[in-house]
1. Does Val76 satisfy the criteria of being closer than 15 Å to Ser30 by Cβ and aliphatic (A, V, I, L, M)?
2. For Val61, indicate whether it is over 16 Å from Arg96 (Cα atoms) and among the β-branched types (Val, Ile, Thr).
3. Do you know which residues across region 52-100 are open to solvent by 50 Å² or more (accessible area, probe 1.4 Å), within 14 Å of the chain's Cα centre (by Cα) and in contact (Cβ under 8 Å) with a residue 40 or more places away in the chain?
4. Have a look at Val102, Val109, Val76 and point out the one that is touching a Gly at 6+ places or on another chain (Cβ under 6 Å) and β-branched (Val, Ile, Thr).
5. Go through region 19-47 and report how many residues are in contact (Cβ under 8 Å) with a residue 24 or more places away in the chain, of a type in the set (A, V, I, L, M, F, W, C), assigned to a strand (DSSP E or B) and open to solvent by 30 Å² or more (accessible area, probe 1.4 Å).
6. Taking region 101-113 only, how many residues are in a loop (DSSP other than H, G, I, E, B) and open to solvent by 50 Å² or more (accessible area, probe 1.4 Å)?
7. Can we say Arg51 is of a type in the set (D, E, K, R), part of a strand (DSSP E or B) and in contact with a Phe, Trp or Tyr (Cβ under 9 Å, 6 or more places away or on another chain)?
8. For Gly15, are the conditions met, namely being part of a strand (DSSP E or B), in contact with a Ser or Thr (Cβ under 7 Å, 6 or more places away or on another chain) and not hydrophobic (A, V, I, L, M, F, W, C)?
Amino acid sequence: QVQLVESGGGLVQAGGSLRLSCAASGSIFSTMGWYRQAPGKQRGLVATISRDGITTYADSVKGRFTISRDNAKNTVYLQMNSLKPEDTGAYYCNVRTRLAEVWGQGTLVTVSS
């Protein structure tokens, strides 16, 4: 049974930084990533990383966010710098195994102007 534990959300001023973590257990994970959902909007991609380190980013976060992972710890990280108010939302960890896709419970990020 796959379990995800997310951490690192919070309140930060515009221009600040936060680091999100998602520790996964219970399987071998291929792609791991982060998605976010702003109030009143659909959930969308932030960044993903494959097991061998290939990354993808939403255009809106390129150059500001960095996704990384530690395969030995089954943990994916999202370093968020130069945060903007429009980055506010619930951030969800997403991991994929050979058979399934699993979502975390979400962690809230609020960026004040």
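The values are calculated or read from the model by the stated rules, or taken from the named source; none is laboratory data. Given the structure is predicted, the values throughout are model-derived calculations rather than measurements. Virtual Cβ from ideal backbone geometry, glycine too; neighbours counted across all protein chains shown. When the accessible area is computed, the model is the full protein with side chains, heavy atoms only, and any ligands, DNA or RNA have been set aside. Shrake-Rupley method; radii C 1.70, N 1.55, O 1.52, S 1.80 Å.
1. yes
2. yes
3. Listed by number, the residues that qualify are Gln79, Asn81, Arg96.
4. Answer to the selection: Val109.
5. Residues meeting the conditions: 1.
6. Here the count works out to 2.
7. When the stated conditions are applied, Arg51 does not pass them.
8. no
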